[in-house]
Structure formats: C-alpha cells, structure tokens
1. Once every DSSP H run of n ≥ 4 in the chain is given -39500 (n - 2.57) and the sum is divided by its residues, what mean residue ellipticity at 222 nm do you get, rounded to the nearest 500 deg cm²/dmol?
2. Quick one: dipole size for the chain, taken about the Cα centre, charges +1 on Lys/Arg Cβ and -1 on Asp/Glu Cβ, in debye to the nearest 20.
3. Going by C-beta contacts inside 10 Å, put THR303, THR294, THR374 in order with the fewest on the left.
4. On average, how much area does the Cα convex hull of the stretch 14-177 cover when viewed from any direction, in nm²?
5. Output the relative contact order of the chain, whole-number percent, from Cα pairs under 8 angstrom with separation of 6+ residues.
6. Full-extension gain between ALA293 and ALA96, please, as 0.36 nm times their residue separation minus the C-alpha to C-alpha distance.
7. Sort LYS48, LYS310 by Cβ crowding within 10 Å, fewest neighbours at the top.
8. Can you give the FRET efficiency for GLN340 and THR390, using 1/(1 + (r/R0)^6), R0 = 41 Å, r = Cβ-Cβ distance, to the nearest 0.05?
Amino acid sequence: MQLHYELAAPVRTWMDAVQTAIDWCKAERQSTDEAHLLRYEVPIEADKPPLMDILADFDGRRRVFWRDRDDRLQVGGVGEAWSVGGLSWTMRDGLAELVSALQDAPGRMRVFGGVCFSGELRSTGPWKDFGAWRFALPRVEFGIDQDGAWLALHLKTAPQRQEDDIVQALDVLHAFTTPPKPQSKKAAKPLDIADLPDLAQWTNGVDSALKDIEAGVFRKVVFARRRRVRFSQDADPMHMFIALSTQEQATFRFFVQPAPDSAFFGASPERLFSLRGDRILTEALAGTRPRGATDAQDSALATELLNSDKDGREHDAVVQMLTGALQQLSESVELDRSPQVMQLTRVQHLYTPIVARARCRGQVAETLDGLHPTPAVCGSPRDAAQRWITQNEPFQRGLYAAPVGWVGGGGDADFTVAIRSALLQDRHLDVFSGAGLVAGSDAQTEWQEIDHKIAALCDALEVPWRADDGQ
C-alpha cells in the first residue's frame, strides 16, 4: 500500500489544528483508483494538547495512548484508520510486512499495539479483541515530541473507502469542538474478587515448579496470578489509567483499547527494546528494593541492593540472556560491567543498559523474537520455563508481561514489557502480577508478596481491591 503525506501550515493552538483538519476534510478531494493511505499533519506551535483529557472524552471508542519513560514522545489517538494482526502468532511474517509497508512513512507516523505473551490465543475470552498480535494506526491523533506538537489524521483514499473515512474523521474532529457531556455514571463498586490460581492451586503449582527445578528442567520460572474484580456496572478504563499515570511518572505508560468494551493499560518501568536505524537499545532490569522514607534510608537500600549476591545473580542472568540474544542479531554489543540503580516512585531496581548495532535496519520482528520473553517475566532457560507456564498457569497472559509499543517509519520501534498492567472488559477488571520461583522458594511467602503487589497496583488505579472496600 502506497503512503501519501500532506503537511499543513503551522497553527497556534490545538483547537486551531482541529478546525484546520475539519476544513481540510470538507474540501473536495480528488478520488483515485489506487489504494493509498494518507496522513494529513498539522503542526501546533503555541500549546501542547492535553492528551489524556482529550482521550477521556471519548469513552466507548477505540483509543490508544503511549508515553515513553523519558517523556520524549507522547501520542494519543481516537479511532482506527488501519489495523493488522491475527489470532495465531504469525507475528514474524506479519511484522516484516508491516515494517515494509511503513518503510517510507514520515517519521511521526506509527502504528501502536502489541504481541501476546505466547504464540496462540483463543478466539473467545478476555483477550479476543487483541489477537495474538495486533497493531493499529489511529484515525485521529495528537502527539508531542522534542520538536513540538501536532494533530494528524489518516484516511484510506481508494474511492470505496474515502468518503466513509472522511465521515469517521469528521465525527471525531467535531467531537473535539463539543463540550464534554457531564459524567452521569456513578463510581463502579466491586461486587466480588476472585484469584486465579487460588491459594490451593498456587501451592500445587509452586510444588510442581520446585520439583522441576530440582530435576534440572529449568533454574527459574515466573508463576503469575490474576485477580479479577467484578464491578456493579461498567467502569471507566481511562479514569483508572489517568490515576495510575499520575502516580507512576518514570515509566512507559500505555493504553490500548481495540474495542469499546475492552482496554489494556499499565505503567511499566521496563524497556524491552528501542530500535532506531541500526541501533538497538535494551536493558536488564532485575533485583528490587523499596524506596526509603528518608534520603539516608533510600541510599542504604540502594547500597544493599548493589551488594546483594542473590539480586546480583538474578540480574546477571538477565544480562547474559539479553547479550546472548543480541550477539545473534548484531555486529557488536556494548554494556557496562557493573549495574546501576534505577529509582522509581515506589521501588528501585538494578539496571544495566545494553546497546547493540544491528546487521541491518528494520529488524523489528527478529529483535522482538530474540528478546521476548525475558527471564524477568518468564524464567531460564527460556524455552523450558515458557513450556511450564503454558502447561500450568490457569489463564492466558495475553498482553500481560508481553511486548507493547509501536512500529514506525524506516523500521524504527519502541517496546516496553507490559508489567504493572490491567485489563478491563465490561464490568471485569483483571490485575496481574508474578513471582520468580527458584530453588528454596516458599509458596506462602510468594503468595503474600504478590498480594502486596496487586494491592499496590489496585491502589494506584484507585480501585478497591477487596469487595467490602467499595461499600
């Protein structure tokens, strides 16, 4: 599919950009017999569009949001002009075709989405709208990067699609000029809470994993839990996401809503990889301590983390896996000999950045296939740990702990590991967390640790995590 790009004259405010785009859509357009994908972009000079506030006014529509950890890029989109994906993990071929289709795209043009944790996904169930892999181009997007802000809209220009696409684009654009309707929904209250696996299933699963560790099947496996909160009525995913984003600043913040009643969102500290030209940037992020109540306590906890033999070995295992995978993909790999400490809002981690030079540009599928899943969310050796997860976890992870991010022009890409995340479908909120099991792990201790993680995430989402909390 050919790509066409039109750049408008700059305007002062984001509402000026909306009006410019409306006027452009209403102008007579010359149709074509060929299928083209058109991007119309309006630079914004004087202000920055309030992306989350804008998206909050579009409850029930397809939406996407991405903000990277360094605040170098923010994009919010409404509607979809184009999407690709499938229920089976033909991701490698699919992503290669996607990279090829976007080869000549302008630098700000990106598709957003993710790839599920494992290779197959059922056509029914909570993840059915996301597929095994899925990426979409927003119909209307606002963005902010280091060079400024913009509004862009995307249209299919073939005659059979052009008129429909313009109508859809105008529908979104006119909504920006209409005052938002007052929120009539009452706050959704939790009716009941269900853990999967439950404590008995969890204990049996941990016992099974420890036997396999003792037998040498794998050294570590990450066993995950899902807590499902059922609400009294449909809940607002954007409200939860904004609450989470406000509290988790130094993270990758992502929101993917492929259907009106289904949204996946989170705030992850962990980059899977960034690809710019032939430069691959990834990182090992393993080993954790809480933040201290005072500067002195904070420093002491960081020193304890750096000196911990157990955390150091766990971190080194991730470093070795990542560098080994990159050596298969790259001309060279560079990293520091010793880890640093990355400090987040509530916790601090051992952190080692790793830079590699790819053998050629656009290796999105190959890099993703080589780096996902990491030992931090799967275990090691990877293949054996992943088989155990497939056989023993009583739910599909879907996009939890999976690659979520974007692919852009020239084969550039950026993906986070989608931990500290939740799935909202109708009245059901699924919150996920996991524990890395190694020799000597205790089922009860790990259960309680995950309980603390899930409670902290629910608090950040402003969601009561016990049924009686909301009554």
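Just so you know, all these numbers are worked out from the coordinates, no wet-lab data involved. Since this is a predicted model, take the numbers as computed values, not measurements. Reconstructed Cβ throughout: ideal geometry from the backbone, glycine too, with neighbour counts over all protein chains shown.
1. Numbers: 11 runs with 146 residues, N = 471.
Dividing the helical sum by the residues of the chain leaves -10000 deg cm²/dmol.
2. Values: 52 positive and 67 negative charges, 84 e Å.
That gives a dipole near 400 debye.
3. THR294, THR303, THR374
4. 10.8
5. Contact order relative to length: 21 percent.
6. Values: separation 197, 0.36 × 197 = 70.92 nm, distance 4.78 nm.
Length difference between fully extended and current span is 66.1 nm.
7. Lowest count first: LYS310, LYS48.
8. Numbers: r = 34 Å, r/R0 = 0.83.
The calculated FRET efficiency here is 0.75.
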